[in-house]
Each structure stands twice: as C-alpha cells, then as structure tokens.
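> This is the structure I want to talk about, given as structure tokens.
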Amino acid sequence: MKSVFTKINLKGILLIAILAIGASLTSAYGHELNSFITENLRNGTLIYTITIYICIAVLSKNILTNGKDTLAFSNFTELVFSAATYSIAATTSLTLLSGVYFQRAHGEIYYKNFDNLDLGAIFIVSSYLLIYSLLITSKMFGDVIFMASASSVNVETPKDV
C-alpha cells in the first residue's frame, strides 16, 4: 500500500505557503510596500538591477555553454543580442508598468486619453513580457548553478610507450 505522503505535492505546498505569506505581508505592510515601490521606480534602481541581473545571467550561461569559444564571432553576437533583447524587453515593460502604476495609484497622468481598458491592456501585456524575460533569465541562472547545460570536456591521458 502506498503512503499518503507520496501523493503530496511539496512544490505546490511551498508555492501556496509563499503566496500566503506574501499576501499577509502585503496586507499588513501595504503602505510601506507602496512607498518602497514608488521610491525604486522613481530613482531607477529597479531598472538598473534588472538590467544587471539579465546581463549576468546571459553572460554566465554563454560562458558555461560555449567555454573557450565564447568570444567567437557567432557566440559573441548571440551573447550581445540576447542580453540586449531581454534587457530591452524587461526595462521597457517595467517603464510602461510604472506609468500605469503612477497613473492608477498616484493620479499622475502618463497616458493621456487612456481609459481603464487601455491601461489594463498595457498592464497585462507589459506584465507578461517582464515576467517572461525574468523567467527565461532565471532559468539561465538555474542552468549555470546546477550545470544543466555544461559543455563536456574530454581529457585524454598519454599512453605508456
């Protein structure tokens, strides 16, 4: 007979616990969270942090995958275009999201003649793009940390003569 514990999804329980703790903290410290978000969006800290995070993830994944061939032209251009694409997508979507946030939360007008439906569309598309960029680069970090895509190195020992 199988144990009941083999059917329990520990990742699901952990996800529910994290979301519950996050919701509780947001409810208890909403004003402080609002101030923190506003300050980091206004001074650009979040944009720089995300850009650095993405560039480090792409660079480390590229070095892990390509090894000595990282600076070969095709690998180098792939590195530059990947870092630029993910960084631009993430920072542009964050900028659009910050405009929606300031317009909805603080009453500042960033998008003239946009009603709630338009702001909602900007929010949904920009959120998707930001989350997608961060998930892809986080997977790159995971590959580097757990060496999922490490290139193999063949070591040959000299034969006895």
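The values are calculated or read from the model by the stated rules, or taken from the named source; none is laboratory data. Computed from a predicted model, the values in this text were never measured in an experiment. Cβ coordinates were reconstructed from backbone atoms using ideal geometry, including for glycine residues, and neighbour counts include every protein chain displayed. Ligands, DNA and RNA are stripped out before the accessible areas are found, and what is left, the full protein with its side chains, is counted by its heavy atoms. Shrake-Rupley method; radii C 1.70, N 1.55, O 1.52, S 1.80 Å.
> For region 57-75, enumerate the residues that are open to solvent by less than 90 Å² (accessible area, probe 1.4 Å) and without any contact (Cβ under 8 Å) to a residue 40 or more places away in the chain.
Correct list: 59, 62, 63, 70, 72, 74, 75.
> Only residues that are open to solvent by 90 Å² or more (accessible area, probe 1.4 Å) and either among the aliphatic types (A, V, I, L, M) or closer than 13 Å to residue 57 by Cα (or both): list them for region 76-90, please.
88
> Among the listed residues 34, 75, identify the single one that is of a type in the set (S, T, N, Q), out of contact with any His (no Cβ under 7 Å at 6 or more places or on another chain) and closer than 26 Å to residue 146 by Cβ.
75
> Just one of (1) touching a helix residue (DSSP H, G or I) at 6+ places or on another chain (Cβ under 9 Å); (2) closer than 19 Å to residue 141 by Cβ trips up residue 67, so point out which.
The failed condition is (1).
> A follow-up question, please. Is one or more of the residues making up region 3-13 within 26 Å of residue 147 (Cα to Cα), part of a helix (DSSP H, G or I), open to solvent by 70 Å² or more (accessible area, probe 1.4 Å) and modelled with pLDDT of 90 or more?
no
> Another question, then. Taking the condition hydrophobic (A, V, I, L, M, F, W, C), surrounded by 12 or more Cβ atoms within 10 Å (Cβ to Cβ) and part of a helix (DSSP H, G or I), does residue 21 pass?
Against the criterion (hydrophobic (A, V, I, L, M, F, W, C), surrounded by 12 or more Cβ atoms within 10 Å (Cβ to Cβ) and part of a helix (DSSP H, G or I)), residue 21 does not qualify.
> Turning to a different aspect of this structure: Quick one: in region 24-50, of everything that is part of a helix (DSSP H, G or I) and open to solvent by less than 40 Å² (accessible area, probe 1.4 Å), which residue is farthest from residue 101 (Cα to Cα)?
The residue in question is 50.
> Name the single residue, out of those in region 91-119 being assigned to a helix (DSSP H, G or I) and among the aromatic types (Phe, Trp, Tyr), that is least open to solvent (accessible area, probe 1.4 Å).
Here the answer is 102.
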